[in-house]
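Structure first, commentary second.
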Amino acid sequence: RDMYLDAEGQPVPRASVDGPLAAGIPGEPAGLVHLAENYGTLPLSTLLAPAIAHAEQGFPIGRRALLGLRFRTRTILRSSAMAEVFLRDGQPPAEGTIITQPDLANTLRRLAEQGAAGFYAGETARLLVDGVREAGGIWTLDDLATYRVIEREPLITEYAGMRVVSAPPPSSGGIVLAQIFNFLDGYDLEAMSEAQRTHYVVEAMRRAYRDRAVYLGDPGFTAMPLEMLLDKHYMAGQRISVAPDKATPSETLVGIANDASEGSQTTHFSILDDRGNRVAATITVNTWYGSGFMAPGTGIVLNNEMDDFSIKPGVPNDFELVGKEANEVEPGKRPLSSMSPSFLESERGVAVVGTPGGSRIITMVLRAALAWQDGATAREMVEQKRFHHQYLPDEISFEPDAITASAQAELERMGHELS
């Protein structure tokens, strides 16, 4: 539980973010095998062939990937295997440089040929454990061998004629979205001014993210009051504490004290096929280039998902999210996530949505869902400017032009902090 704290009980800087100690056991390979075996129509060897070709033949590194690489160079230099793949003479390469990953191609071949055993046992597992432990990590062969996929019932909520199907814990996305929709159900947002509408949406975000921090974790380890949190009467009660013309300071809500302040690499894809099958898939290694560590011989960039646990109550993670005991570090536990892959269903039809964005994922999906309900096209949903509030830090963060100057002034008069 306290593996990222020093002898005085204080967080060790970046211990849950950089290097192999920050990496949780990867779930994506098991997920790919599970999906192919239970829901797919093609063999894994066919499905993984394009990825193997990209790894072997290489791809030109783009501007966005280089941006993250420059941000993480110092950490990557500590991993010789990773530096060899992504750096040139210790520096990020020029844009367009071809990046090849022959070790990753071999790892993917073993997965394609042997299924889950090709990753969680045998040569790949040995290379992973040897590399991680030599660099100071604590993985064991048993940790890999006992990893299992868990299928869970999705969360379903209704809002103004729209049915929202989303991810359950240990993702917080579905719970927080449902709470926000239940909160907003008590208001006629269309009849409000921009500032008033933004105020109520922010107050919904504030309270739902507070509950995320206090209650949510891995359902295999944590008893969560989900029935209460998802009850429409609960969020109706939360509305009582909202003044129409005044922001609610987060510190006045019973929750978590923000003890400290610390300083994305997530992918989403949405699929619809001609038979009506649909997939909303979010995959992540957490921050840019994950832990910045690659076990030699594997080609795998290890995640830093351990930072999604609460390393100490009230201490923010890399996305400034706080948590309590429900999300503390425990063996075999899955960390709390903000992933929000969702289906939206109404008289309009179906929208399959999700996004990268760390702690902002949930509110981006929320804004997209509200826009879709108002008639927005897919392009309009993606292109809209966004604002966000996550309880702590107590501020509305927003993209340029997301809130008009007059609405900003009105929100500041209400007591909202804007950044």
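The values are calculated or read from the model by the stated rules, or taken from the named source; none is laboratory data. Small disclaimer: the values here were computed from a predicted structure and weren't measured. Heads up, the Cβs are rebuilt from the backbone with ideal geometry, glycines too, and the neighbour counts pull from every protein chain shown. Just the protein is used for accessible areas: all its heavy atoms, side chains included, with ligands, DNA and RNA removed. Shrake-Rupley method; radii C 1.70, N 1.55, O 1.52, S 1.80 Å.
One chain, two ends: residue 152 and residue 63. Fully extended at 0.36 nm per residue, the span grows by 28.3 nm beyond their Cα-Cα distance. Dividing the helix sum by the residues of the chain, where each DSSP H run of 4 or more adds -39500 (n - 2.57), gives a mean residue ellipticity at 222 nm of -11000 deg cm²/dmol.
For residue 312, a cut-off of 12 angstrom between C-alpha atoms picks up these aspartates and glutamates, skipping any fewer than 8 places away in its own chain: 2, 6, 259, 325, 328.
For residue 385, list the aspartates and glutamates whose Cα falls under 12 Å from its own Cα; do not include residues on the same chain fewer than 8 positions away. Answer for residue 385, where 12 Å is the Cα cut-off: 399, 401, listed by chain and number. Rolling a 1.4 Å probe over the protein heavy atoms gives the chain an accessible area of 47 Å² per residue. Each peptide in 12-22, 126-136 gets a packing score, the mean of other Cβ atoms within 10 Å over its residues, and the list from highest to lowest is 12-22, 126-136. Show the residues, 5+ positions off or on another chain, whose built amide H is closer than 5 Å to the amide H of residue 350. Those lying under 5 Å, H to H, from residue 350: there are none.
Assuming a ≥ b ≥ c are the square roots of the Cα gyration tensor eigenvalues, decide whether region 1-139 counts as rounded (a/c under 1.5), prolate (otherwise, with a/b larger than b/c) or oblate. Taking the square roots of the gyration eigenvalues as a ≥ b ≥ c, region 1-139 is oblate. Each of residue 231 and residue 347 was given a label point 7 Å from its Cα along the Cα-to-Cβ line. The distance between the two points is 3.3 nm. Normalised radius of gyration (Cα atoms, divided by 2.2 N^0.38 Å) for region 95-228: 1.58.
The listed residues 312, 333, 246, 232, once ranked by accessible area (1.4 Å probe) with the largest placed first, stand as 246, 232, 312, 333.
Rounded to the nearest whole Hz, the Karplus-based 3J(HN,Hα) values (6.51 cos²θ - 1.76 cosθ + 1.60, θ = phi - 60°) of region 144-159 follow the sequence 6, 5, 9, 5, 9, 6, 10, 8, 10, 5, x, 8, 10, 9, 10, 9, with x at glycine and proline.
Note on region 334-419: Kirkwood hydrodynamic radius from all Cα pairs is 14.3 Å, rounded to one decimal.
Extending 7 Å from the Cα toward the beta-carbon at both residue 163 and residue 71 defines two label points whose distance is 3.8 nm.
Could you compute the FRET efficiency for residue 267 and residue 245, with r as their C-beta to C-beta distance and R0 at 41 Å, rounded to 0.05? If you can, show how the numbers build up before the last one.
Numbers: r = 41 Å, r/R0 = 1.00.
That gives a FRET efficiency of 0.50.
For the set 388, 268, 54, solvent exposure ranked by accessible area (probe 1.4 Å, protein chains only) runs largest to smallest as 54, 268, 388.
DSSP beta bridges fully contained in the chain are about 90 percent antiparallel. Couplings for region 20-26, taken from phi via the Karplus curve 6.51 cos²θ - 1.76 cosθ + 1.60 with θ = phi - 60°, read x, 5, 8, 9, x, 4, x Hz in order; Gly and Pro are left as x.
Short to long, the 20 Å bins of the Cα pair-distance histogram for the chain hold 25, 57, 19, 0 percent of all pairs. Heavy-atom surface analysis with a 1.4 Å probe gives the chain a carbon and sulfur content of 52 percent of its accessible area. Each of the peptides 66-74, 104-112 was scored by the mean count of other Cβ atoms within 10 Å over its residues; in descending order, highest first, they stand as 104-112, 66-74. With R₀ set to 25 Å, the beta-carbon distance separating residue 399 from residue 185 gives a calculated FRET efficiency near 0.40. Each residue of region 240-247 is assigned a 3J(HN,Hα), and the resulting list reads 4, 7, 9, 7, x, 10, 8, 5 Hz, derived from the Karplus form 6.51 cos²θ - 1.76 cosθ + 1.60 (θ = phi - 60°), x at Gly and Pro. Under a 5 Å amide H cut-off, with hydrogens placed 1.01 Å from N, residue 337 pairs with 171, 172 among residues at least 5 apart or on other chains. If each of residue 281 and residue 8 carries a label point 7 Å out from its Cα toward its Cβ, how far apart are those two points in nm? Distance between label points: 4.7 nm. Residues whose amide H falls under 5 Å from that of residue 418, counting only those 5 or more places apart or on a different chain, are 396, with hydrogens built in the peptide plane.
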